[in-house]
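Take a look at the structure set out below.
Derivation of every value follows stated rules applied to the coordinates shown; laboratory data play no part. All values reported here derive from a predicted model rather than from experimental measurement. Here Cβ is always computed from backbone atoms with ideal geometry, including for glycine, and neighbour counts include all displayed protein chains.
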Amino acid sequence: MSSRAPSDERAAVSLAWLVRLRWGTVAGQVAAVGAAAWVIGPSFSAGRLLALVGLLAASNLALARLGAPAPGWACGAALTLDALLLTGLLHATGGPSNPFSILYLSRDSSGMASSFVLRVLSWNPVTEWKRQRTQAPMRSAVTRPEP
């Protein structure tokens, strides 16, 4: 019989699977950045994207080194970091206009939080200020007869 509680064993299995999934994510992201650099050519700036993927790989290496009796917060912290890194990747590749930004949304309320974070990161105060200064004053849609 195991000396660990069932929830500890479940957390260890979850962490092991999460580490494997994240290595697959690192490989897929490196392949996607490499393919984009090959297709687009020298005008494609891959440095920022590869830095974010490198951060994911480094955090996954640290997560893997935690070992079997991983703390209870490890999976949650890794998934939170994954959401932040996905936000950074989407922001660096076009923000809300990126066709893959739909992958950022989910079926539950975390999708609303994710879309809010994406919208906040894509907001540019200088552009907003210029738009407001050049915008014509609002006119009434109803015309009034002249007296």
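Numbers at a glance
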read-out	value
Phi-based couplings in Hz for region 14-19 (Karplus 6.51, -1.76, 1.60; Gly and Pro marked x)	4, 5, 4, 5, 4, 4
L55-S14 pseudo-label distance in nm [points 7 Å out on the Cα-to-Cβ vector]	2.4
In sequence order, calculated HN-Hα J values of region 25-30 (Karplus, 6.51, -1.76, 1.60; Hz; x Gly/Pro)	5, 4, 4, x, 5, 5
Potential lengthening between S43 and A27 on full extension [0.36 nm per residue; Cα-Cα distance subtracted]	3.5 nm
Per-pair calculated FRET efficiency, R0 = 25 Å: A35 and W73 via Cβ, rounded to 0.05	0.10
